[in-house]
Amino acid sequence: MPRFLSIGECMIELASLGGDTMRKGFAGDTFNTAWYAQAFRPDGWTVDYFTALGDDSASSEMLAFMQASGIGTEDIRRLPGKAPGLYMIHLDNGERSFSYWRSVSAARQLADDRAALETAIDAVDIVYFSGITLAILPPEGRATLIALARAARQSGKTVAFDPNLRPRLWAGKDEMLAAISEASAGASIVLPGFDDEAAHFGDGSITDTIARYRRLGAGDVVLKDGAEGTTLAIGDRQVHIPAHPAAAVIDTTSAGDSFNGGYLMRLAAGDTPEDAARFASRLASSVIGHPGALIAREILGL
């Protein structure tokens, strides 16, 4: 049975319901992608998540939520004395900002057991991780994940990577750019966002971003540019896919994460990259019309 594995950190999410009342949920960039991959997976595929959790009640609740969502958790390690990270949402006209508490998150140790991570990767067909996954890891764990991802691509697996550049999570800009570049060089598919690439790598155009990732050795480049659409660099072809218009913009959280999940699963189903990108654009445009990171398939209407 073919399998999709997403690697990263799922966190406790606190969102205001007004006043001092907060709603607790669970989310995180790579988990959000796993959620949408699970919702739109082809028949016969399974979706799994790899992380580390603590042995506290919040970790148990998170694990139960993943399982109830149909996401495989058999590779998740439980670490004594640890707990999940937590973040609080601040929402202003559909745009979110966040306050984080993640310095002692169990997920920071997800790559400490190299054998466990290697076994999980060996058992799947598509491996997905992000720049945020790399940012939370210590240098040794980061090197382990990048090396195993590179080996997975060399063995014929699809390795998908979203740079998801978040400078606040890194010790410095140079460290961030070097790690993102190294991980991208070993990826079959890179899924960057142009605004981030322009801001942090200094790219002057979409062509610059695609050329830089291609020089590094990345395979296909799927460059997301918000309302301007998506540019695909597939083999020697470059195609622009217009963005699907959003009926409303309520909450932009998970726009990129849902696009990634939808795109990768439509490729797994046999779609062309162009058709996969069109579907992923429709999915992302529907997701941002609803509050929250994780929107049920039946609500999305796709």
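Here, each number is a calculation from the coordinates, and none is a lab measurement. Please read these numbers as outputs of a predicted model, since none were measured by experiment. Cβ placement follows ideal geometry from the backbone for every residue including glycine, while neighbour counts extend to all protein chains displayed.
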Given a 10 angstrom Cα cut-off, can you work out which residue in Val127, Val249, Val221 is the most mobile in a GNM of the chain? Val249
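Only bridges whose two residues both fall in the range 62-182 count here: according to DSSP, what percent of them are antiparallel, nearest 5?
Here the share of antiparallel DSSP bridges comes out near 55 percent.
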Give me D for the range 245-285 in µm² s⁻¹, whole number, from Stokes-Einstein with Rh from the Kirkwood sum over alpha-carbon pairs, 37 °C and 0.692 mPa s. 321
Which residue, Leu17, Leu264, Leu63, tops the fluctuation ranking in a GNM of the chain built on C-alpha contacts under 10 Å? Leu17
Mind checking which lysines have their Cα closer than 29 Å to the Cα of Lys24? Skip sequence neighbours fewer than 8 apart in that chain. Lys82
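Which percent, to the nearest 5, of DSSP beta bridges fully inside the range 3-300 are antiparallel? Working shown, then result.
Details: 23 of 49 bridges.
Of those bridges, close to 45 percent are antiparallel.
State the three equivalent ellipsoid semi-axes of the chain, derived from the C-alpha gyration tensor as the square roots of 5 times its eigenvalues, in descending order and whole Å. Kindly include the intermediate steps, with their values, before the conclusion.
On the way: eigenvalues 133, 108, 78 Å².
Semi-axes from the Cα gyration tensor: 26, 23, 20 Å.
By counting other Cβ atoms within 10 Å of each Cβ, how are Leu148, Leu302 ranked from fewest to most? Mind dumping the intermediate values first?
Working: Leu148 21, Leu302 13.
Neighbour counts put them in this order, fewest first: Leu302, Leu148.
What 222 nm value per residue comes from the helices of the chain, counting each DSSP H run with n ≥ 4 as -39,500 (n - 2.57) and dividing by all residues, nearest 500 deg cm²/dmol? Can you show the working numbers first?
Details: 11 runs with 119 residues, N = 302.
Helix contribution divided over all residues of the chain: -12000 deg cm²/dmol.
Can you tell me, using C-alpha contacts under 8 Å and at least 6 residues apart, the relative contact order of the range 3-300 as a whole percent?
Working: 629 pairs, mean separation 49.2, N = 298.
That works out to 17 percent.
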Cα centroid separation, the range 197-248 to the range 123-178 (Å): 19
Within a Gaussian network of the chain (alpha carbon springs, distance under 10 Å), most fluctuating of Ala123, Ala27, Ala199: Ala199
